[in-house]
Amino acid sequence: MVNLDSNIFVAGHRGMVGSAIVRQLEANGYRNIITRTSSELDLTNQAAVAAFFAEQRIDEVYLAAAKVGGIHANNTYPADFIYQNLMIEANVIQQAYANGLQKLLFLGSSCIYPKLAEQPMAESALLNGYLEPTNEPYAIAKIAGIKLCESYNRQYGVDYRSVMPTNLYGPGDNYHPENSHVIPALIRRIHEAKQANLSEVVIWGTGTAKREFLHVDDMATASIFVMNLDKGIYESHTDPMQSHINVGTGTDCSILEVAQTISDVVGFKGLITTDPSKPDGAPRKLMNVDRLRQLGWEASIELESGLKNTYEWFFSNLGLNRT
């Protein structure tokens with residue numbers, strides 16, 4: 001049963017996903033949302049997390065805090081990605097249990113699946129092959145988060161759940177020129193190319209790699225939906241040692257296609273070309289979302305309209321000019 005007076009801690013509320021979850025919780029009428037910035041609470045610090053949970057009267061946790069980045073960032077800082085993500089999830093999940101919390105939702109990533117997993121990737125593909133090397137440390141950390149939740153459920157009888165989003169985009173994304181994901185990176189580069197009146201934008205890789213993209217507002221609604229599912233219903237659609245649920249649209253497109261769509265949204269009139277000397281990453285990453293659909297949820301935001309919304313946020317919030 002939904003209790004709008006529950007004290008809900010959203011870890012990572014300033015990130016793209018966490019901020020979307022906060023917006024959706026507020027829109028749904030939840031009145032007691034607890035947040036902390038990274039300067040106020042270092043989630044990699046075990047003692048600090050223990051003190052925080054002991055001081056607060058938390059009922060539920062949305063664990064959206066993570067160190068994230070694109071191919072370049074994952075390749076450059078692999079130790080940071082595995083260490084910080086392992087510490088965050090271990091500290092938060094352990095303190096949730098230690099302080100009597102029954103409900104927690106862990107947010108993972110589609111990169112948990114093998115590089116050459118059968119497409120679309122079902123939840124059963126987990127641990128059935130080698131991971132994509134460019135983000136293996138991050139993926140290992142996210143797999144550990146799933147297994148932490150499952151292990152605490154099995155040993156202590158708590159109700160800790162995991163959702164695995166596909167590639168996310170939307171308001172609040174990171175537009176750093178080197179450390180961003182594919183959609184924000186393309187939005188920034190194509191916007192800047194338009195401003196500079198360039199005739200061409202070159203994208204990494206062959207452009208043929210296919211990806212599935214989910215608007216972060218859809219991810220937020222799916223997260224709250226899964227968190228609030230009746231325990232019996234959730235358990236009837238999952239397995240104690242394979243309890244995660246994929247969240248996506250069930251459709252994908254090539255990187256070149258998404259770049260061309262962004263070009264249309266931005267109004268860039270030049271060419272989009274490819275650089276095959278750069279890595280593509282996994283050849284395809286499409287989620288099988290049958291489990292979530294059977295539970296009663298489907299994505300509602302189409303890619304083009306979602307990109308328009310994202311581009312509006314980009315130039316409005318970064319102090320840029322449209323032209």
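Taken together, the values in this text are just the output of simple stated rules run on the coordinates, not laboratory data. All values reported here derive from a predicted model rather than from experimental measurement. Ideal geometry is used to build each Cβ from the backbone, glycine not excepted, and the neighbour counts take in all protein chains shown.
Before moving on, here are some points about what is shown:
- Put simply, when 296-309, 251-264 are sorted by average Cβ atoms within 10 angstrom per residue, most first, you get 251-264, 296-309.
- Per-residue [θ]222 nm for the chain (sum of -39500 (n - 2.57) over DSSP H runs n ≥ 4, rounded to 500): -13000 deg cm²/dmol
- Correct choice for volume of the Cα convex hull per residue in Å³ that was computed from the model, options (1) 127; (2) 181; (3) 163: (1)
- Degrees between helix 216-227 axis and first principal axis of the chain (Cα, 0 to 90, nearest 10): 20
- Derived scalar couplings ³J(HN,Hα) [region 232-246; Karplus, 6.51 cos²θ - 1.76 cosθ + 1.60; whole Hz; x for Gly, Pro]: x, 5, 4, 5, 6, 9, 10, 10, x, 10, 7, 9, 6, 10, 6
- Set Lys67/Lys231; Lys147/Lys231; Lys67/Lys210; Lys142/Lys278; Lys67/Lys142; Lys194/Lys308 screened for pairs whose C-alpha atoms are more than 20 Å apart: Lys67/Lys231; Lys67/Lys210; Lys142/Lys278
- For region 53-60, Karplus couplings with θ = phi - 60° (6.51, -1.76, 1.60), whole Hz, Gly/Pro x: 5, 5, 7, 8, 10, 8, 9, 9
- Simple Cβ-charge dipole of the chain, Lys/Arg +1 and Asp/Glu -1, about Cα centre, in debye nearest 20: 280
- What the Cα convex hull of region 90-241 gives, in volume per residue, is 139 Å³.
- In Hz, Karplus ³J(HN,Hα) per residue of region 80-90 (6.51, -1.76, 1.60; θ = phi - 60°; x = Gly, Pro): 4, 5, 6, 5, 5, 5, 4, 5, 4, 5, 5
- Selection from His244, Met121, Phe268, by position along the positive dipole direction of the chain (Cβ): Phe268
- Peptides 113-123, 43-53, 270-280 ordered by packing proxy, namely the average of other Cβ atoms within 10 Å per residue, highest first: 113-123, 43-53, 270-280.
- Against the chain, whose longest principal axis is taken from its Cα atoms, helix 136-156 shows a tilt of about 20°.
- Only Lys, Arg (+1) and Asp, Glu (-1) charged, at Cβ; region 236-323 dipole about Cα centre in debye: 160
- Estimated dipole of region 100-248 in Debye, rounded to 20 [Cβ of Lys and Arg +1, of Asp and Glu -1, Cα centre]: 140
- Less than 5 angstrom separates the built amide H of Thr274 from those of Ile203, all sequence-distant by 5 or more or on a different chain.
- Between 0 and 90°, nearest 10: helix 303-317 axis offset from the chain longest Cα axis: 90
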